Structure formats: structure tokens, C-alpha cells
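**Student:** Below: one structure in C-alpha cells.
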Amino acid sequence: MSHSPHRSHWNNRWTFMLATAGSAIGLGNIWKLPYMIGVNGGSAFVLVFVACIFLVGIPLMMTEILLGRRAQKNPLDGMQALAIEAKRSTAWKYLGGMGMLTGLLILSFYSVIGGWVLAYIIEAARGSFSQITAAQSTANFDTLLASPLQLLAWHTVFMFMTMSVVAHGVNSGLEKANNILIPSLFAILLILLGYSMSVGDMHAAFQFMFKPDFSKITPVAVLSALGHAFFSLSLGMGAVMVYGSYLQRNVSIARTTIYIALADTLLGLLVGLAIYSLVFANHLAPNAGPGLIFQTLPIAFGHMPAGGFIGMLFFILVAFAAWTSSISLVEPAIAWIVENTKIKRHTAAWAIGLAVWLLGIAVVLSFNEWKAIKIIFGLNIFETLDKLTSTILLPLGGLLMAIFAGYFMNKNHVQEELDLNDQHFKFWHFTNNYIAPIAIGAVFLYLFGLIK
Ligand code: PHE
């Protein structure tokens, strides 16, 4: 077949879009964002979160993609190669190493929550949601959490799903499935939203999520919103960097980034609206925490026509979304091992999988037997891993990437990768070099008690 430059360009761009969107869209949007909104005071959090996506997330996603496309390697070797090209210290490679580790720490709890989603596919299929009341739904969820064996079994299944894809290196196959899965997820969300609108209290949900109330913007809400912007866009740990190396030179990094960030944010906010209109109509607590979607959505599925089927489909799609994200959490570490040692891909995958699975057991227990065990600042094991990764490691990774690209790399190289017109480049440069570092820096200073 003759080569058509146009076609191969499109293919590459599409592969990249799907892989990166697959990484970004996951439990962060469907499970985490909705409950974080509730825990952090509603609209205040939404406002700061959206600001963080636009002012920090989008520019830094461009930064991470440009680093990946320039380096064409796993994050650790990639950062080293970029540092050598820029005639800087090769210690920058540790930034890549930190990212790989962060991914594995995240996976240890991501897989446990992914397991909850799998459990709920079965619940929906068994008809457990039918005519369910709010109290019953909460009780069902509590029963699941109280059973370490069930949680462990589902965590094991989820880890197995993740590692078997990674072991075979067939990520692209699964990512192609995103082609259908992400639009389907949007479609089913619209059904859910329509239903919530008709029976729930959409007005209260809207007020709660969007009516600006600046008095509620607390430092903790800002901290969580910034951390979640990183988590939601998969930034700061090298996943996007690895996928950036798929990208051909002549594809616009900026446009692709904006599409992904918009889809990612919109999806999360839509889930939030669907959930909160049910929360308010059923007098549930908006600040229920990590169980929120599992407690509220069954009420909707339990009362709508064909709800058992739609509910099952919904949780299947969420499971797929989580699956394509979990792969990206572990891929940087596997790529590094395979490219640097004689260890075979599948051996590396199962060994890393085992380690993460073991850590996941501690997470499972932190929802029941070890609930009272606090690691630091009164946080249990799950909460510690979550906060450590989202509010410290990911923003720190992002900060260092921004500094590297903005202050250490040759500006011409950066410009070559981004390929923006002057005005757009200036905008990227300003957000990358000033806004993002100052925002992240301020959050860290607050976190360490240096500013109040
Ligand atoms: N962005 C993913 C989600 O929202 C989670 C993730 C975080 C994936 C960091 C990769 C890296 O579910």
C-alpha cells in the first residue's frame, strides 16, 4: 500500500488521543470528583478545580506531552536524555523515577476502588437495585466495605485485568475500544442525567455545584482542587509523557490537550450533577465521602425503567474507563524495567503487579479491620496514599516538569515541539513558567505550614 502522509498522521493523532483520554478519564471523574465536591463545600471547589484545569492542568499537560515527544523514552531515561540534550545534570532522571513510583502507589488504591465498580456490575445484574431506598443503598455499600474478603477478591480481579493487559503489551487494542467506550459512557450519562433531572432536585444540585460562594474557598479546598486537577488529567507522573512519545511531529499538542481536558472535565461535572440532584431529592449527605456514587446511583437505577440493565451497563463502562487508566499508572514503570534490564515484559508485569496487590491489601483493610489505624495527620492507609499522591507527589512532579521545560530546556526545542504561533506560545510560556509554579508553590508552602 502506498503511504499517505495524511492518513498516517491522523492515525497517530487518534492513537494518542485515545490513549491519553483513556488514561485521563477514569475513576477520577466518576468516583472521585463528585465526592470531593461534596466534601469540599460544593461550588467553591468546582470553581477552583475548573480554574486549576485551565490555568495549570492544560499548560502542564502540554508540557508533559512535549517532554515525552522530544524524549521518545520511558520517563526516567527520557528525563535523562532531555537533561543531556539541554546540558543539565542527569539527576533530572529521578523526576522520572519518582513518577513511576507515584503511579504504583496510586494503583494500589485505584485497584481497590476499581474492585467496588466490578462488584456493582454484579449487583446491578442481580437486580439488587430494584426499588431500593436510600437507606438500603447505603446499607448495601456498608456491607460490601465491611467484608475484607469480598473487597480483596474484587481487588485481585481488577489487578489481574490490569496486569494481563500490561503483560501482553496489548494496550493499543484496549485503547481502540475507547473509541466506542468513551462516547457510550457519555451517552449513558446523558440518560442518567435526564432521569435525575426528572425525579431529582436538579435545581439544588445546580446551586450546590455552580452558585459561586467565595466564602467557602478554604485553603484545604484549593489544595484538594489542585491535586485533583493533576489526578484527573493523569499529570505529574509520566503517563502522559509516555503516551506523548506516540505522537508525530506535525500534530498540534495544544489542540489535542484542550479536547482531552474538556472531555475529562465535562464528564466529571455531568456525573456530579446527576448525583447531587439525587442526593438532595433523597436527603442524603453531600459529604458522604468515597462511597457517594455507590450509595446514590443505585437509587436512580433502581427506579428507572430497565434500570437493572442500564445500571449494569453504566458500571461496565466505568470499569473499562478505570481499566484504561490503571494501565497507564503502571506502564511507565514496566517500560523502564523492560528497556533497562533483561527481565521480560510479562515477568516484570506480574512482579510489579504482586507488589502493588500486596499494598492494596492494606488499602482493603483500611476500610474495615484497620479503619482505626492512622498513619499521619489522622489519615488511615487509604487516605494517606490518596493525599500523598494527589496533593504532594503529582503536583511536585508537575512543578518540576514545568521548571525543566520552562527554565532548563532550550527554548527553541520547546517551541519546535509545541509549534504554536507567537501569541499562543507566550500564553503557554506565561502559564508554564509563572502561573503553574506559583500556584503549586503556594500550595506547598501552605501545606508545610510556611504560609497561612
Ligand atoms: N486520571 C485517572 C482518572 O481520572 C487516574 C490517573 C492518575 C491515571 C494519574 C494516571 C495517572 O481516573
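**Student:** Against the definition (more than 25 Å from Asp386 (Cβ to Cβ) and in a loop (DSSP other than H, G, I, E, B)), how does Leu190 come out, yes or no?
**Tutor:** When the stated conditions are applied, Leu190 does not pass them.
**Student:** Follow-up question, since we're still on this one. Just checking, does the range 1-22 include any residue being at pLDDT 90 or above and either within 24 Å of Lys216 (Cβ to Cβ) or open to solvent by less than 10 Å² (accessible area, probe 1.4 Å) (or both)?
**Tutor:** Looking through the range 1-22, none of the residues is at pLDDT 90 or above and either within 24 Å of Lys216 (Cβ to Cβ) or open to solvent by less than 10 Å² (accessible area, probe 1.4 Å) (or both).
**Student:** If Thr384 meets every condition in (1) hydroxyl-bearing (Ser, Thr, Tyr); (2) open to solvent by less than 40 Å² (accessible area, probe 1.4 Å); (3) within 30 Å of Arg249 (Cα to Cα) apart from one, which number is that one?
**Tutor:** (3)
**Student:** Something else: Quick one: how many residues across the range 258-292 are more than 15 Å from the chain's Cα centre (by Cα) and among the β-branched types (Val, Ile, Thr)?
**Tutor:** Of the residues in that region, 3 qualify.
**Student:** May I pose another question? Conditions first: (1) farther than 25 Å from Leu247 by Cα; (2) free of Cβ contacts under 8 Å to residues at least 60 places away in the same chain; (3) open to solvent by less than 50 Å² (accessible area, probe 1.4 Å). Ser390 passes all but one, so which condition is the exception?
**Tutor:** With (1) farther than 25 Å from Leu247 by Cα; (2) free of Cβ contacts under 8 Å to residues at least 60 places away in the same chain; (3) open to solvent by less than 50 Å² (accessible area, probe 1.4 Å) applied to Ser390, the lone miss is (2).
**Student:** Still on this structure, please answer the following. Only residues in the range 27-42 that are more than 8 Å from the ligand (Cβ to nearest atom) count as the first member; pair them with residues that are open to solvent by 20 Å² or more (accessible area, probe 1.4 Å) and of a type in the set (S, T, N, Q), Cβ under 9 angstrom, at least 6 apart or cross-chain, and list the lot.
**Tutor:** So the pair list comes out as Tyr35/Asn287; Gly38/Asn287; Val39/Asn287; Asn40/Thr218; Asn40/Asn287; Gly41/Thr218; Gly41/Asn287; Gly42/Gln207.
**Student:** Of the residues Phe367, Phe301, which single one is touching a Pro at 6+ places or on another chain (Cβ under 9 Å), closer than 22 Å to Phe141 by Cα and away from the ligand (no atom under 16 Å from the Cβ)?
**Tutor:** Phe367
**Student:** Sticking with this one: Do we find a residue being under 13 Å from Phe230 (Cα atoms) and of a type in the set (A, V, I, L, M) anywhere in the range 405-428?
**Tutor:** no
**Student:** Restricted to the range 196-247, and to residues that are part of a loop (DSSP other than H, G, I, E, B) and polar (S, T, N, Q), which residue is nearest to the ligand (Cβ to nearest atom)?
**Tutor:** Only one residue tops the list, namely Ser234.
**Student:** Across the range 145-167, which residue is farthest from the chain's Cα centre (by Cα) among those that are farther than 14 Å from Gly360 by Cα and among the hydroxyl-bearing types (Ser, Thr, Tyr)?
**Tutor:** Ser147
**Student:** Report yes if some residue within the range 368-381 is assigned to a loop (DSSP other than H, G, I, E, B), surrounded by 15 or more Cβ atoms within 10 Å (Cβ to Cβ) and among the acidic types (Asp, Glu); otherwise report no.
**Tutor:** no
**Student:** Hey, any hits in the range 140-147 for a residue that's more than 16 Å from the ligand (Cβ to nearest atom), among the polar types (S, T, N, Q) and free of Cβ contacts under 8 Å to residues at least 24 places away in the same chain?
**Tutor:** yes
**Student:** Could you list all residues from the range 43-74 that are small (Gly, Ala, Ser) and within 16 Å of the ligand (Cβ to nearest atom)?
**Tutor:** Gly57, Gly68
**Student:** Under 9 Å between Cβ atoms, which residue pairs at least 6 apart in sequence (or on different chains) link something in the range 262-275 that is in contact (Cβ under 8 Å) with a residue 12 or more places away in the chain and in a helix (DSSP H, G or I) with a partner that is open to solvent by 20 Å² or more (accessible area, probe 1.4 Å) and β-branched (Val, Ile, Thr)?
**Tutor:** Here the result reads Ala263/Ile182; Thr265/Val50; Leu267/Ile182; Leu269/Val50, each pair linking the range 262-275 to a residue that is open to solvent by 20 Å² or more (accessible area, probe 1.4 Å) and β-branched (Val, Ile, Thr).
**Student:** Please go through (1) touching a Pro at 6+ places or on another chain (Cβ under 8 Å); (2) closer than 19 Å to Gln415 by Cα for Leu95 and return the number of the only condition it doesn't satisfy.
**Tutor:** Here Leu95 clears every test but (2).
**Student:** Would you point out which residue out of Pro305, Pro212, Pro286, Pro298 is open to solvent by 20 Å² or more (accessible area, probe 1.4 Å) and closer than 30 Å to Val364 by Cα?
**Tutor:** Being open to solvent by 20 Å² or more (accessible area, probe 1.4 Å) and closer than 30 Å to Val364 by Cα holds for just one of Pro305, Pro212, Pro286, Pro298, which is Pro286.
**Student:** Is it true that Phe129 is among the aromatic types (Phe, Trp, Tyr) and within 27 Å of the chain's Cα centre (by Cα)?
**Tutor:** no
**Student:** Give the number of residues within the range 326-346 that are open to solvent by 70 Å² or more (accessible area, probe 1.4 Å) and farther than 21 Å from Gly236 by Cβ.
**Tutor:** Of the residues in the range 326-346, 6 are open to solvent by 70 Å² or more (accessible area, probe 1.4 Å) and farther than 21 Å from Gly236 by Cβ.
**Student:** Another question, if that's okay. Which of (1) open to solvent by less than 10 Å² (accessible area, probe 1.4 Å); (2) in contact with a His (Cβ under 7 Å, 6 or more places away or on another chain); (3) assigned to a helix (DSSP H, G or I); (4) of a type in the set (A, V, I, L, M) does Val251 not meet, given it meets every other one?
**Tutor:** If we test Val251 against (1) open to solvent by less than 10 Å² (accessible area, probe 1.4 Å); (2) in contact with a His (Cβ under 7 Å, 6 or more places away or on another chain); (3) assigned to a helix (DSSP H, G or I); (4) of a type in the set (A, V, I, L, M), just (3) comes out false.
The values are calculated or read from the model by the stated rules, or taken from the named source; none is laboratory data. Since this is a predicted model, take the numbers as computed values, not measurements. As a convention, Cβ positions derive from the backbone with ideal geometry for all residues, glycine included, and neighbour counts pool all protein chains shown. What goes into the accessible areas is simple: the full protein's heavy atoms, side chains included, and nothing from ligands, DNA or RNA. Shrake-Rupley method; radii C 1.70, N 1.55, O 1.52, S 1.80 Å.
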